[in-house]
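The values are calculated or read from the model by the stated rules, or taken from the named source; none is laboratory data. For clarity, every value in this text was computed on a predicted model and none was experimentally measured. Here Cβ is always computed from backbone atoms with ideal geometry, including for glycine, and neighbour counts include all displayed protein chains. Side chains are part of the model used for accessible areas, which takes the heavy atoms of the whole protein and leaves out ligands, DNA and RNA. Shrake-Rupley method; radii C 1.70, N 1.55, O 1.52, S 1.80 Å.
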Amino acid sequence: MQHLIEKASILMEALPYIRKFHGKTVVIKYGGAAMLDERLKSSFARDVVLLDYIGINPVIVHGGGPQIGEVLKKMGIESRFHNGMRITDDRTMDVVEMVLAGDINKEIVSLVNSHGGRAVGLSGKDGRMIQAKKLDPETVDLGRVGTVKTVDPSVLTTLDQAKFIPVIAPIGVDEKGQALNINADLVAGVIAESLQAEKLVLLTDVEGVLDQNKQLLSSIKTKEVSRLIEEGTIIGGMIPKIQCALKAVQSGVRTAHIIDGRVEHALLLEIFTDKGVGTVIS
């Protein structure tokens, strides 16, 4: 009986959050270990379907760097990087588009649908949703690597009204109709801005933002971010993620969350519990 009472307590803890976020949009950047481990993949899909069933509108943006690397290796194409960004020539772009908009996107759609959702796969090329431009080369020409100019969210709002779950590959299109490879965190952030989402959630392979004693910072105010970077608390690959989250919040997204996708049901734990499991930027 005590076990059942504890389950009821968990549901009661979630109730005010369900009420608060009903009808709101949550943009989720899906990547890292959560995309590779079968148990975590299933956990993520069930979390997304549950959000949808209780009246929250999930929008998924996914990455796929490791999978792209594997296919390039099989095809005998060298993976080259500069400052963490993949140098993307025409041949590499063909593989990027095949893997992101093809294999990975359709796998996520199938997984969500298998758990009772109604997911639809897209890339930024669909409906010219993500208008992009090529990144200006500094010292190295990155090829067909882009950044976002504008987002037309009309395709997403139409899908939302029809009760579909969008699953978006981070590929944009330039003014000539050429596909460009774009960082998935960046795409998730600008889509959250365009939809004025309630939340932007970035799944990572770390607990969240850690202080200098390696303890989790459960919350950060936007005004604190610059100081944390300057003093070396936020370093390395966490810097672009936190900057993406910061920009989204400053552009109208209510909160941004950096959470550990290696934790089963991390998405639900972050949204529906008092403490959460990651770092929230507000």
Report task. Tally the residues that are among the small types (Gly, Ala, Ser) and either more than 24 Å from GLY84 (Cα to Cα) or part of a strand (DSSP E or B) (or both), restricting the search to segment 181-201. Result -> 2
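Every residue, every condition in (1) over 18 Å from PRO240 (Cβ atoms); (2) without any contact (Cβ under 8 Å) to a residue 60 or more places away in the chain; (3) basic (Lys, Arg), yes or no:
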{"residue": "VAL140", "(1), (2), (3)": "no, yes, no"}
{"residue": "THR147", "(1), (2), (3)": "no, yes, no"}
{"residue": "VAL173", "(1), (2), (3)": "yes, yes, no"}
{"residue": "ALA192", "(1), (2), (3)": "no, no, no"}
{"residue": "GLN215", "(1), (2), (3)": "yes, yes, no"}
Report summary line: Reported set for segment 237-282 where residues are of a type in the set (A, V, I, L, M) and closer than 26 Å to ALA8 by Cβ is ILE259, VAL263, ALA266, LEU267, LEU268, LEU269, ILE271, VAL277
Report task. Considering only segment 49-68, state which residues are within 19 Å of THR158 (Cβ to Cβ) and part of a strand (DSSP E or B). Result -> ASN57, PRO58, VAL59, ILE60, VAL61
Query raised in the report: Would a scan of segment 36-43 turn up a residue that is buried (at least 16 other Cβ atoms within 10 Å of the Cβ), among the basic types (Lys, Arg) and under 21 Å from ILE191 (Cβ atoms)?
Result: no
**Report entry** Residue ID - farthest from ASP211 (Cα to Cα), chosen from residues in segment 252-277 that are open to solvent by 20 Å² or more (accessible area, probe 1.4 Å) and hydrophobic (A, V, I, L, M, F, W, C)
**Finding:** LEU268
Query raised in the report: Among (1) free of Cβ contacts under 8 Å to residues at least 24 places away in the same chain; (2) out of contact with any Lys or Arg (no Cβ under 8 Å at 6 or more places or on another chain); (3) of a type in the set (Val, Ile, Thr), where does ILE77 come up short?
Result: (2)
Query raised in the report: Within segment 200-233, can you find the residues that are under 25 Å from GLY64 (Cβ atoms), touching a helix residue (DSSP H, G or I) at 6+ places or on another chain (Cβ under 7 Å) and open to solvent by less than 30 Å² (accessible area, probe 1.4 Å)?
Result: LEU200, VAL201, LEU202, LEU203, THR204, VAL209
Report task. Among the candidates VAL280, VAL249, single out the residue that is open to solvent by less than 60 Å² (accessible area, probe 1.4 Å) and closer than 22 Å to ALA33 by Cα. Result -> VAL280
**Report entry** Some residue of segment 36-48 being at pLDDT below 90, closer than 21 Å to LYS199 by Cβ and of a type in the set (Val, Ile, Thr)
**Finding:** no
Report task. Could you tell me whether THR150 is of a type in the set (Val, Ile, Thr), surrounded by fewer than 16 Cβ atoms within 10 Å (Cβ to Cβ) and outside any loop (DSSP other than H, G, I, E, B)? Result -> yes
Report task. List the number of the failed condition for GLY172; all other conditions in (1) surrounded by 21 or more Cβ atoms within 10 Å (Cβ to Cβ); (2) part of a loop (DSSP other than H, G, I, E, B); (3) not charged (D, E, K, R) hold. Result -> (2)
Query raised in the report: How many residues, within segment 93-140, are open to solvent by 40 Å² or more (accessible area, probe 1.4 Å), assigned to a helix (DSSP H, G or I) and of a type in the set (S, T, N, Q)?
Result: 3
Report task. Take VAL209 and decide whether it is closer than 25 Å to ALA132 by Cα and either more than 14 Å from the chain's Cα centre (by Cα) or in contact (Cβ under 8 Å) with a residue 60 or more places away in the chain (or both). Result -> no
